[in-house]
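Report on one structure; see the data block that follows.
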Amino acid sequence: MNGDRAEAGPGTGRRATARGWRWCGQNALLLAAVGIAVLPLAWRGCSCGQDFDFHLQSWMEVVAHWRVGILYPHWAASANYGAGEPRFVFYPPLSWLLGGWLGVLLPWTWVGFVYTALALLGAAWSFRAMAAEWMSEETASLAACVYAVNPYMLFVAYERSALAELLAAAWMPLLVLYGLRQTEQKGAGSGIPLALTVAALWLTNAPAAVMGMYFLALIVVVAAAEEKRWRLAGRAAAATALGIGLAGFWLVPAFYEEKWVEIRRAIGPLMRARDSFLFGFVNVARMPAEERFDAAYHNRVLGMASWIAVALIVTTLLAAGLAWKERRGSLWGPLAVAVAAITVLQFRWSDVVWRAAPELKYLQFPWRWLLVLGLAMAGLAGLAAGRAGAWLTPRRRGRLAVGLACGMAVLAAMVFWQPCDEDDNVPAQVATFHGVGFEGTDEYTPRGAQNDDIQPGLPPVRVLRAADGDEGPLNPDLDTWAPTPADDIPATVKVERWNGEQRAATVTSSGAGFAVLRLMEYPAWRVTVNGVAVPLTARLHREDGLMTIPVPAGATRIDVQWVTTPDEWVGRSLSLVALAVTLAWMWKERRTKRDKKFR
């Protein structure tokens, strides 16, 4: 035994040391590539892309809720100029939780930069873990750099600032890894990791999750058909169902409560798939004058996305051709079929698919599929690089990755990076958050309300003679609320509590009237007046959607509290059941592994 130990020890130690150095070198390469790619954010500051303000506002909202003891918020109180909206019911939690945690630790001016770097690093690390199953570690690291800093990823980070979609890119490679990994590999199955990946994807970004489910189904069916192992498809189906169950605490309310908001506004004009096929520009001159700015912006973004699509498609086809000999028993077949499907979806003749496939229309833009295409391109490029053999040495791989990152950083700085105007920069948004608040999000507007009617500067409570009195103009940006004596009833208001999900005030009115709160009506609000519950049907409707409660003359105490609705209880119960199944599955796999060990 001692002889065996002495013989194995030095060699094993040297191999472990070599593996350790390789591991450090590969991680240093990923860190360098991502660090170079995000340099423009450190050098020029935050990129105020299309969705940056939405995410920054959400992060600040989360921190504000945490400070009053609300760990999992539902209501974005600063939206609609302080009247709020149920944003966190519908927007998946992982991105705004990460942004909130970073906001607690860092100044807000640094949060976007650090968030973007972490998202790209997560994408690189997960891709390398996936690619290492089918190629060498060095080649997997190079391919991971290609995935993390490909043009579409930086387009998402800089031009669009779609930071939840960017974070979702970290889960996409794991769908491939655990969806296609054979059960016997690594001594255990991949059902549980795949279920957790599915849950994480849904809890990060809904459009990315829709793409992920279609992508997973496609690659698993192709791999199962190639290998005649339909068990892969069964395992993927079971894991997908379990993952959706684990995310049920968010998914069930988000889908059920769509009927309570104007969710279809998310796919209005210029936000539909048929408006954004490759190079499908709209005629700006034929648009109404008030829509021409949006149309011009749509054309600019579509132009960039279209050229990125062309570049990725051409590169992917070239990589697929070079990796042709690696097609048997590898990623080639599933990824090649996925590339073909994604390419078809970029053109107008696929419109029937966009209309018919469940939930696909909510992707809004066909070019969103470039997130998956970038993964396929990097995977096929890795297989092609493996064919290069001795010519592509580790040093050359490193130089290639760093050169790619430098090129992408220049592209990001010169083309994708968006300057912030005086209203969009981070200090201005922080001041607005603590001041009058922001405009609302159209698709989260409560059903039947016109949130454009809400004016900045409304008091927490006002008492009016008529329920529909003192409604604001259609363009609140041009006006700030001022009292209208003809509509008002003299009253004193004492606000006792006014935070994210709790409101309490005592109104002393000189006559009977209607208390209009600076709060959007929503079925999850429980209202009591002098201790007596006021059901939703007794709260009168206004065009602007503000909560309106009849009050008598004299003193009236109004309490408003966010409550857990039945659909939330169903979602939480589903997640608990799925968690129990997950634990039972894990126990069974561990027991099976132990039994095999002792046979």
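Please treat every number below as a calculation from the coordinates, not as lab data. Note that this is a predicted model, so its numbers are computed, not measured. When we count neighbours, we look across all protein chains shown, and the Cβ atoms used for this are built from the backbone with ideal geometry, even at glycine.
Kindly rank 68-75, 360-367 from highest to lowest mean number of other beta carbons found within 10 Å of each residue. Walk me through the intermediate numbers first.
Details: 68-75: 16.0, 360-367: 20.8.
Top to bottom by mean Cβ count within 10 Å: 360-367, 68-75.
If r is the Cβ-Cβ distance from VAL532 to LEU583 and R0 is 35 Å, what FRET efficiency results, to the nearest 0.05?
Details: r = 45 Å, r/R0 = 1.28.
Step by step, r from the Cβ atoms, then E = 0.20.
If I model a spin label at ARG327 and VAL68 as a point 7 Å from the Cα along the Cα→Cβ vector, what separation in nanometres do I get?
If labels sit at ARG327 and VAL68, their model points lie 6.1 nm apart.
Could you sort 347-356, 441-450 so that the peptide with the highest average Cβ count within 10 Å comes first and the rest follow in order? Don't jump to the answer; show the numbers that get you there.
On the way: 347-356: 12.8, 441-450: 19.7.
Order by mean packing, descending: 441-450, 347-356.
Evaluate the distance, in nm, between pseudo-label points positioned 7 Å from the Cα of ARG272 and of TRP349 along their respective Cα→Cβ axes.
2.2 nm
How many angstrom separate the Cα center of the stretch 250-264 from the Cα center of the stretch 348-365?
Each part reduced to its Cα centre gives a spacing of 20 Å.
Report the gain in length on full extension from VAL415 to ALA431: 0.36 nm times residue separation, minus Cα-Cα distance, nm rounded to one decimal. Mind dumping the intermediate values first?
Numbers: separation 16, 0.36 × 16 = 5.76 nm, distance 2.90 nm.
That pair, VAL415 and ALA431, stretches by 2.9 nm at full extension.
Summing -39500 (n - 2.57) over the DSSP H runs of n ≥ 4 in the chain and dividing by its residue number, what mean residue ellipticity at 222 nm do you reach, to the nearest 500 deg cm²/dmol? Show your work: numbers first, answer last.
Working: 21 runs with 315 residues, N = 599.
Value at 222 nm, helices only, nearest 500: -17000 deg cm²/dmol.
Cα gyration tensor of the stretch 237-313, axes a ≥ b ≥ c as square roots of the eigenvalues: rounded (a/c below 1.5), prolate (a/b > b/c) or oblate? Please list the in-between numbers first.
Details: a/c = 4.32, a/b = 1.66, b/c = 2.60.
Cα axes put the stretch 237-313 in the oblate bin.
From the phi of every residue in the stretch 374-384, what ³J(HN,Hα) in whole Hz does the Karplus formula 6.51 cos²θ - 1.76 cosθ + 1.60 yield, where θ is phi - 60° and glycine or proline is x?
Per residue, the Karplus-derived 3J(HN,Hα) values read x, 5, 4, 4, 5, x, 5, 5, x, 4, 5 Hz.
State, to one decimal in nm, how far the label point of LEU31 lies from the label point of ARG399, with both points 7 Å from Cα in the Cβ direction.
2.3 nm
Give me the percent relative contact order of the chain, please, defined on Cα pairs under 8 angstrom at least 6 residues apart.
Numbers: 967 pairs, mean separation 113.9, N = 599.
Computed over the chain, the figure is 19 percent.
In whole Hz and in residue order, list the ³J(HN,Hα) couplings for the stretch 289-302 that follow from phi through the Karplus curve 6.51 cos²θ - 1.76 cosθ + 1.60, θ = phi - 60°; x for Gly and Pro.
Residue by residue, the stretch 289-302 yields 4, 6, 10, 5, 4, 4, 5, 5, 5, 4, 5, 5, 5, 4 Hz.
Between ARG447 and THR592, what's the calculated FRET efficiency when r is the beta-carbon distance and R0 is 60 Å? Round to 0.05.
On the way: r = 50 Å, r/R0 = 0.84.
It comes to 0.75.
Relative to the longest principal Cα axis of the chain, at what angle does helix 566-597 sit, 0 to 90 degrees, rounded to 10?
Orientation of helix 566-597: about 20 degrees from the principal axis.
Rounded to the nearest 0.05, what FRET efficiency is calculated for ASP488 and ARG557 with R0 set to 25 Å and r the Cβ-Cβ distance? Please report the intermediate quantities before stating the final value.
On the way: r = 20 Å, r/R0 = 0.81.
Given R0 = 25 Å and the Cβ-Cβ separation, E is 0.80.
Which entry in (1) 15, 35, 25, 16, 8, 1, 0; (2) 18, 48, 27, 7, 1, 0; (3) 18, 38, 30, 11, 3, 0 matches P(r) over Cα pairs in 20 Å bins from 0, in percent derived from the coordinates of this structure?
After the calculation, the listed value that fits is (2).
No partner Cβ under 4.7 angstrom, meaning no disulfide-compatible partner by this rule: which Cys of the chain qualify?
Lone cysteines by the Cβ rule: CYS24, CYS46, CYS145, CYS406.
Going by average Cβ density within 10 Å per residue, which order do the peptides 296-302, 158-164 take, highest to lowest?
Working: 296-302: 17.0, 158-164: 24.3.
So the order, starting with the most tightly packed, is 158-164, 296-302.
Okay, which of the stretch 145-176 sit inside 17 Å, backbone N to the point 7 Å along the Cα-Cβ direction of GLN50?
In the stretch 145-176, the label zone of GLN50 (backbone N under 17 Å from the point 7 Å along Cα→Cβ) covers 151-169.
Could you tell me which of ALA42, ALA162, LEU317 has its Cα farthest along the dipole of the chain towards the positive end, charges placed at Cβ (Lys, Arg +1; Asp, Glu -1), taken about the Cα centre?
LEU317
Starting from the Cα gyration tensor of the stretch 423-578, take the square roots of the eigenvalues, sort them a ≥ b ≥ c, and report rounded, prolate or oblate (rounded when a/c is under 1.5, otherwise prolate if a/b is larger than b/c, else oblate). Write down the numbers at each step before the final one.
On the way: a/c = 1.77, a/b = 1.13, b/c = 1.57.
The shape class here is oblate.
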